[in-house]
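The values are calculated or read from the model by the stated rules, or taken from the named source; none is laboratory data. Keep in mind that this is a model prediction, so the values were computed, not measured. Positions of Cβ are generated from backbone atoms using ideal geometry, with glycine treated the same way; all protein chains shown enter the neighbour counts. Remember, those area values only see protein heavy atoms, side chains included, never the ligands or the DNA or RNA. Shrake-Rupley method; radii C 1.70, N 1.55, O 1.52, S 1.80 Å.
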Amino acid sequence: MKRGGQEIYVGPLGRHSKHLIDYFEGIQGVSKIKDGYNPATWMLEVSTTTQELALGVDFADIYKKSELYKRNKTLIKDLSKPAPGSKELYFPTQFSQPFLTQCAACLWKQRWSYWRNPAYTAVRLLFTTVIALMFGTLFWDLGTKTKKRQDLANAMGSMYAAVLFLGIQNAASVQPVVAVERTVFYREKAAGMYSAMPYAIAQVLIEIPYILVQAVAYGLIVYVMIGFEWTAAKFLWYLFFMYFTLLYFTFYGMMAVAVTPNHHIAGIVSSAFYGIWNVFSGFVIPRPRIPIWWRWYYYICPVSWTLYGLVVSQFGDIQDVLEN
């Protein structure tokens with residue numbers, strides 16, 4: 001083939017490339033091969049673009065007008081006809097394995113991919129621990145102060161900061177990982193190894209245990225240091241809301257990569273929604289003060305439900321009147 005994918009010879013080589021040599025030596029102006037010279041090297045030298053310009057020929061055009069080309073076309077036409085009595089090939093499914101097997105294979109692959117990527121998994125856990133210690137010391141013992149309105153606002157502020165800080169960090173850190181994995185997915189899907197749905201399910205499931213460890217590590221440190229009421233119900237509710245908050249932020253980061261060309265554009269698109277979620281979370285602007293024509297967005301903002309759940313689960317049973 002010549003540059004551009006055009007064919008210049010399609011046929012048998014013969015003993016010591018005799019058929020190939022005879023074909024090119026039959027073209028007017030092509031120099032004969034020397035004794036003992038490598039036929040492959042000779043063929044590449046005599047069929048270069050420079051040789052075409054020097055000889056004033058087009059090897060691709062010569063091949064298309066040759067008897068060899070006509071014989072090849074006739075052979076292809078004959079071989080394309082099915083044998084008498086033969087049946088069309090039929091496969092009951094597009095993929096060789098059933099759906100659940102594809103899911104298991106994709107999950108197994110994702111497990112090893114995450115385990116061999118400590119730059120993402122271990123560093124994320126380390127970062128979470130450092131942030132938990134920082135927030136714990138910054139908001140030290142705020143959970144026990146429930147007499148004043150400002151105390152409640154301070155406690156809510158600690159929850160608000162943690163949700164956005166950790167959530168955005170999770171969404172941003174997962175995007176480069178998903179972008180790299182997507183390149184592999186395109187190649188393997190094109191090879192017919194599995195469909196998109198098992199891959200997506202595996203990518204979601206593999207994050208669940210890692211985020212659970214992250215939520216428990218953060219929840220234990222912060223819950224003790226901030227000093228929220230130590231009851232099983234309140235502690236489990238705190239872990240529940242933090243866990244699912246980190247989940248939906250991480251899955252949102254994955255989704256942003258899936259619907260954009262690359263993780264750089266995904267980061268830009270994601271940041272727009274982070275700002276909107278921040279405004280409608282109910283902390284910057286309380287829900288009653290949001291204009292009525294925008295209040296509907298408060299109810300579909302995931303961060304607002306997280307903050308609502310955290311505040312109610314920790315302070316919803318307090319009946320005392322707050323001091324100004």
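Per residue, how large is the accessible surface of the stretch 99-316? Use a 1.4 angstrom probe and give square angstrom.
Ligands and nucleic acids excluded, the result is 51 Å² per residue.
Mean-square fluctuation check for the chain, GNM, Cα pairs under 10 Å: which of Gly275, Gly267, Gly26 is largest?
Highest fluctuation of the listed residues: Gly26.
Kindly identify the stretch 50-172 as rounded, prolate or oblate by the Cα gyration tensor criterion: order the square roots of the eigenvalues as a ≥ b ≥ c, call it rounded if a/c is under 1.5, otherwise compare a/b with b/c, prolate if a/b is larger, else oblate.
prolate
Could you pull out every residue, at least 5 positions away or on a different chain, whose amide H is within less than 5 Å of the one on Gly14? Hs are placed 1.01 Å off N in the peptide plane, and Pro or chain starts have none.
His19
Between Val321 and Asn72, how many nm apart are label points set 7 Å from Cα along the C-beta direction?
Each label point is offset 7 Å from its Cα along the Cβ direction, giving 9.6 nm.
Shape of the stretch 15-80 from its Cα gyration tensor (a ≥ b ≥ c, root eigenvalues): rounded if a/c is under 1.5, otherwise prolate when a/b > b/c, or oblate?
oblate
Over the stretch 15-80, average the accessible area per residue using a 1.4 Å probe and give it in Å², no decimals.
72 Å²
At most 12 other Cβ atoms within 10 Å and a DSSP loop assignment: could you name the chymotrypsin sites (Phe, Trp or Tyr not before Pro) in the stretch 1-59 that fit?
Passing sites in the stretch 1-59 are Tyr37.
Just to be sure I understand, if you calculate percent of Cα pairs over 33 Å apart for this structure, which of [x] 21; [y] 36; [z] 55 do you get?
Derived directly from the coordinates: [z].
Relative contact order for the chain using alpha-carbon pairs under 8 Å, separation at least 6, rounded to a whole percent?
19 percent
Excluding Lys34 itself, what net charge comes from residues whose Cβ is under 14 Å from its Cβ, given Lys and Arg +1 and Asp and Glu -1?
Local net charge: -2.
How much mean residue ellipticity at 222 nm does the chain get from its helices, if each DSSP H run of length 4 or more adds -39500 (n - 2.57) and you divide by all residues, to the nearest 500 deg cm²/dmol?
Helix-only estimate at 222 nm: -22000 deg cm²/dmol.
With a Förster radius of 45 Å, plug the Cβ-Cβ distance of Ala272 and Ala122 into 1/(1 + (r/R0)^6) and report the FRET value to the nearest 0.05.
It comes to 0.90.
Given a Förster distance of 35 angstrom, what is the FRET efficiency for Ala191 paired with Lys87, based on the Cβ-Cβ distance and rounded to 0.05?
So, using R0 = 35 Å, E works out to roughly 0.85.
Which residues' amide hydrogens lie under 5 Å from the amide hydrogen of Gln6, considering only partners 5 or more residues apart or on another chain, with H built in the peptide plane?
Long-range HN contacts for Gln6: none found.
Give me the net charge for the shell around Gln314: Cβ to Cβ below 11 angstrom, other residues only, Lys and Arg +1, Asp and Glu -1.
Residues close to Gln314 contribute a combined charge of -1.
Considering the chain as a Gaussian network with a 10 Å cut-off on Cα pairs, which listed residue, Gln314, Gln175, Gln51, attains the greatest mean-square fluctuation?
Result for the chain, Cα springs under 10 Å: Gln51 fluctuates most.
Tell me which DSSP H helices of the chain clear both cut-offs, 30 Å or more of axial length from alpha-carbon atoms and a mean Kyte-Doolittle hydropathy of at least -0.5.
Those that clear 30 Å and a mean of -0.5 are 149-190, 196-226, 232-258.
Given a 1.4 Å probe and every protein chain left where it sits, what share in percent of the accessible area of the chain is carbon and sulfur?
C and S atoms contribute 66 percent here.
In nm, what is the difference between 0.36 nm times the number of residues separating Asn38 and Gln94 and their Cα-Cα distance?
Once the chain is fully extended between Asn38 and Gln94, it gains 15.6 nm.
List the trypsin sites (Lys or Arg not before Pro) within the stretch 1-42 that fall in a DSSP loop (any state other than H, G, I, E or B) and whose Cβ has at most 11 other Cβ atoms within 10 Å.
Loop-located and lightly packed - Arg3, Lys32, Lys34.
In a GNM of the chain with a 10 Å cut-off on Cα contacts, which of Ala54, Ala266, Ala83 has the highest mean-square fluctuation?
Fluctuation is largest for Ala54.
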